[in-house]
Amino acid sequence: MSAPKVQLHRQAGFTREYFDQINAIAQDAARRDDAGRWGIDGWVRLIHNLLDLQVRTYAAGVQALLAGPAWWLQPTATQPIPPEPIEVPARPYPRSLSVAQPFARVGHKDIRLPLAALTFLPPILGAGESSFRVVLTDNRFVGANYTGTVRLRRADGAGRDSETVTVTVGL
């Protein structure tokens with residue numbers, strides 16, 4: 001099940017309010033017509049009310065646009081699809097994972113991910129485990145491929161065994 005999409009709720013609420021106001025104007029016109037007070041003044045009032053609604057709606061849209069980031073620029077409320085697991089040779093001891101060289105965007109080497117924007121799942125590879133995932137914790141960097149080097153160190157402290165793996169992941 002996906003997470004609720006807040007931006008869709010805002011858009012739906014705005015649209016619902018707009019149509020509710022049109023409905024209120026139409027019901028008012030129908031009541032005046034049923035009471036026998038329609039005539040040319042009723043038509044003029046109806047057109048003025050609809051134009052007023054249109055101008056207020058346009059003004060609200062401009063005000064919202066100037067007030068802050070537009071709804072189409074806001075990130076979605078759902079989490080990105082997790083990247084594919086990275087396969088490494090299995091070892092008979094647990095290994096901790098860390099970044100050995102920063103992850104740089106493919107094609108844009110000047111764009112690097114901050115260390116705080118990455119995490120590993122699982123954070124420690126158990127004995128015999130051979131795969132892990134690089135997970136992005138900062139959604140500002142979603143939607144690109146990154147290349148970096150991961151260091152796998154012996155986590156049990158029994159030795160200084162260490163290896164590095166250069167990986168490219170789509171985050």
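Of all residues in the stretch 148-162, those satisfying the criterion of being assigned to a strand (DSSP E or B) and open to solvent by 40 Å² or more (accessible area, probe 1.4 Å) are Arg151, Arg153, Arg154, Ser162.
From the residues in the stretch 15-29 that are in contact (Cβ under 8 Å) with a residue 24 or more places away in the chain and out of contact with any Ser or Thr (no Cβ under 8 Å at 6 or more places or on another chain), which one is farthest from Arg56 (Cα to Cα)? Checked the stretch 15-29; the qualifying residue farthest from Arg56 (Cα to Cα) is Ile25.
For the stretch 129-147, the set of residues classified as modelled with pLDDT of 90 or more and part of a loop (DSSP other than H, G, I, E, B) consists of Glu129, Ser130, listed by residue number.
Checking Pro75, Pro69, Pro102, Pro83 one by one, the residue that is modelled with pLDDT under 85, closer than 30 Å to Ala144 by Cβ, surrounded by 13 or more Cβ atoms within 10 Å (Cβ to Cβ) and not polar (S, T, N, Q) is Pro83 and no other.
The values are calculated or read from the model by the stated rules, or taken from the named source; none is laboratory data. Note that the structure is a prediction, hence the values are computed from the model and not measured. Cβ atoms come from the backbone with ideal geometry, glycine included; neighbour counts cover every protein chain shown. SASA here: full protein model, heavy atoms, side chains in, ligands and nucleic acids out. Shrake-Rupley method; radii C 1.70, N 1.55, O 1.52, S 1.80 Å.
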